[in-house]
Amino acid sequence: MEFRQPLDVAYGGSCPGTTSLVCTTGGYFPLGGNVQLVNDYETLIWTNTGCQTERLYFLGDGVSTGGDIYVFNYAYVPGGPLCNAVTGVNVTITGSSTADIQLDATCSRNVVVEYGATGFAPGTGATAGDGIASSVSGTSTSLAGLAVGQTYDVYVRQDCGGTFSANGSPTSFTIIPGEIALLRSTSPMNLHR
């Protein structure tokens with residue numbers, strides 16, 4: 001017996017879930033998006049990129065007695081603890097030899113910040129490469145002892161309690177001679193005097 005009633009797969013929150021991955025009003029799930037053809041079977045493919053374990057909810061509507069429901073061909077691939085790369089790294093020059101680093105909130109709120117002259121080879125995990133690395137808790141830190149005119153790269157990797165993400169893309173910055181004096185002289189307070 002072929003099942004022709006609505007079926008939805010969702011995640012987030014409690015049952016029936018808050019985010020739908022795929023839905024059909026009857027028959028097979030449509031190919032595309034999270035449904036791909038694998039070995040001639042429609043297969044749900046979804047990667048959890050969030051910071052917590054998610055439960056998938058399968059909701060069938062209008063199930064009648066006597067019929068079978070074939071939900072999915074699936075392959076579960078555990079990825080170990082989830083530890084995403086850090087994104088949204090911004091640098092603000094704060095002095096002639098200092099800069100502040102801000103980053104998007106991370107899953108663990110613990111990161112390793114590594115910086116050095118542009119082109120340096122960053123480390124992995126808790127180990128520094130050719131740069132200067134420090135462990136940071138939160139979404140910002142300050143760098144000191146920087147050289148004027150030197151271009152720096154900053155890499156940030158998440159520390160998920162002993163499991164580390166890959167390095168994010170480098171963020172580059174340079175303290176330009178006279179830049180801080182220029183910033184101070186054009187502040188709103190000085191412009192209105």
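The values are calculated or read from the model by the stated rules, or taken from the named source; none is laboratory data. In this text the structure is predicted, and so the values were computed from the model without any measurement. With ideal geometry, Cβ positions are generated from the backbone for all residues, glycine too; neighbour counts draw on all protein chains shown. Just the protein is used for accessible areas: all its heavy atoms, side chains included, with ligands, DNA and RNA removed. Shrake-Rupley method; radii C 1.70, N 1.55, O 1.52, S 1.80 Å.
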Select from the range 90-122 the residues that are under 19 Å from the mean Cα position of the chain (by Cα) and over 12 Å from Val154 (Cβ atoms) and write down the one among them that is modelled with the lowest pLDDT.
Ala105
Report the residue count in the range 107-125 for those that are in a loop (DSSP other than H, G, I, E, B) and open to solvent by 80 Å² or more (accessible area, probe 1.4 Å).
1
For the list (1) assigned to a strand (DSSP E or B); (2) more than 15 Å from Leu103 (Cα to Cα), I need the number of the one condition that Ala147 fails.
(1)
Farther than 12 Å from Asn84 by Cα, outside any loop (DSSP other than H, G, I, E, B) and open to solvent by 50 Å² or more (accessible area, probe 1.4 Å): is that true of Ser135 in this structure?
yes
Check whether at least one residue in the range 48-63 is of a type in the set (Asp, Glu), modelled with pLDDT of 75 or more and within 26 Å of Ser165 (Cα to Cα), and report yes or no.
yes
